[in-house]
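A short reminder: the numbers here are calculations on the coordinates, not readings from a lab. This structure is a prediction, so every number in the text was calculated from the model and none was measured. Glycine gets a Cβ as well: all are built from the backbone with ideal geometry, and neighbour counts include every protein chain shown.
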């Protein structure tokens, strides 16, 4: 059932499969209607939070934030591919952390590709960096990844505390990725003569108002959370300000905003949550229970992260987090965060984030030729396990210093 | 035939100009690999259930424009009539296949040139040098290094005694 929900036809909103599946399971009595309702009420605010972030990122793109980013990258790279790679790392890590991995994958990656192409540099290292960091740099904030949002709601941590505990693992993983990328792509990062300057493309100005709103939203997350208010309200406020401005300037229409909100995706997450609940309640939870160690000792954290990474690679990290959350929440926030390290870093092993998607992808072959899996997998094997171990060590150290 | 790649193409064109006979017919070859687009699409598919746009949709268009720019720049630098050949495939295999009937294939070294040795030739160049079905001219993207960069001869533990 889980696999069925994962491998549904692409192109169609996945909600088309997940919502009826949830309804069938409720009707068949696999999950009591009350439990399904509770799950939907639990997931609702989380999905709302994510939707606010997605709209915020979409409006940032409309305001030219990523165009300005590309221009800045091109100017600052100074004709040196290694410098561009370092700048792409910074940009992708910050974008992922603040505006979520969706934003990096959908909005930033094409800009990075275009920038590298325009500078007559080889695009592969820079594009791979974006796809890798979209996963591994999504550790820092609850808003960086839907998996974090789900865990954040369950962990009871404050926004600032979550960020404080994850800061060290975040930096450690990015450091590992950078070291490996520099060596792995050494032959693509040799110096190039400067490409002809494209002054028009390089003059995209930074949308200051937009950046200020995003920064205030970020501060709002911390303040709201510390005051006991859901940080989702800060996201909603930020998105509302930018949306009102875009509507007033006729840069957006209600329809384009609605499309950016991606409501079918919200429905899909609700449906998936109920399906996963039913599967967990009917045996999967009992089967996995012995595999999830109790406590937050270093070996326990490592085991939780490894299990989470494995599960994320088999299906996808979204179902993985829904399955593992109830099992790890009992051991406290440390265990939940270790699980997040696994589900967020793990997907880099298979370039589509999970074997299920990978197999599905191979049957689709949209580019006509088989993608070069070898290279991406080698890169994943070099960064993934090392990154995971270092991140768990960093988390463990953080927990010792800051207290679980 | 001149294989032009991002970063190192000028050296190959210059080699063709200085070494090619006056009546030579030139072909400028560029290969676009789908690796970057595949990686971007893979990451997008990894975002389970998201609607919106597949970011790699724009890649083909951008890559085609960049390749056309590069070929045009190479042709300009060459300054002689030439055929432009653009292929979309895994680069090294496509180059070997495309150059099978060429009199000479000009390739720039890629790879980490700060430490010269057996592994300093990048994967793609190595493959082409190993498998090309025609003579290959391997040129330095920058000025060739001094003879002094050669490592010292291997040390023999048992000298012959003379």
(request) Let me have the 222 nm mean residue ellipticity of chain A computed from DSSP H runs of 4+ only, each contributing -39500 (n - 2.57), with the sum over all residues rounded to the nearest 500. (result) -24000 deg cm²/dmol
(request) For segment A:149-279, compute Rh as the Kirkwood radius over C-alpha pairs and then the Stokes-Einstein diffusion coefficient at 25 °C and 0.890 mPa s; write the answer in µm²/s, rounded to an integer. (result) 126 µm²/s
(request) Calculate the spin-label point distance for residue B:140 paired with residue A:33, positioning each point 7 Å from the Cα along the beta-carbon direction, and give it in nanometres. (result) 8.0 nm
(message) Classify segment A:209-353 from the C-alpha gyration tensor, please: rounded if a/c falls under 1.5, else prolate or oblate depending on whether a/b exceeds b/c.
(response) prolate
(message) At 4 °C and a viscosity of 1.567 mPa s, what translational diffusion coefficient does Stokes-Einstein give for chain A, taking Rh as the Kirkwood radius over Cα pairs? Give it in µm²/s as a whole number.
(response) 59 µm²/s
(message) Output the 0 to 90 degree angle, nearest 10, between the alpha-carbon long axis of helix A:109-118 and the longest principal axis computed from the alpha carbons of chain A.
(response) 20 degrees
(request) Please label the shape of segment B:14-162 as rounded, prolate or oblate, based on the square roots a ≥ b ≥ c of the eigenvalues of the alpha-carbon gyration tensor (a/c under 1.5 means rounded; beyond that, a/b larger than b/c means prolate, else oblate). (result) oblate
(message) Neighbour counts of other C-beta atoms within 10 Å: give me A:130, A:315, B:134, B:82 arranged from fewest to most.
(response) B:134, B:82, A:315, A:130
(request) Please work out the C-alpha center-to-center distance from segment A:205-272 to segment A:35-63 and express it in whole Å. (result) 10 Å
(message) Using the basic label-point model (7 angstrom from Cα toward the beta carbon), what is the residue A:258 to residue A:90 distance in nanometres?
(response) 4.2 nm
(request) Compute the long axis of helix B:35-46 from its Cα atoms, compare it with the longest principal axis of the Cα atoms of chain B, and write down the angle in degrees, 0 to 90, nearest 10. (result) 50 degrees
(request) With a/c under 1.5 counting as rounded, go ahead and sort segment A:36-97 into rounded, prolate or oblate using the C-alpha gyration tensor (a ≥ b ≥ c being the square roots of the eigenvalues; past the cut-off, prolate if a/b is larger than b/c, else oblate). (result) oblate
(message) Quick check: pseudo-label points 7 Å beyond the Cα along Cα→Cβ at residue A:378 and residue A:42, how many nm apart are they?
(response) 4.4 nm
(message) Compute the angle between helix A:159-184 and the longest alpha-carbon principal axis of chain A, please, reported from 0 to 90 degrees and rounded to the nearest 10.
(response) 50 degrees
(message) Under 8 Å for C-alpha pairs, at least 6 residues apart: give me the relative contact order for chain A, rounded to a whole percent.
(response) 24 percent
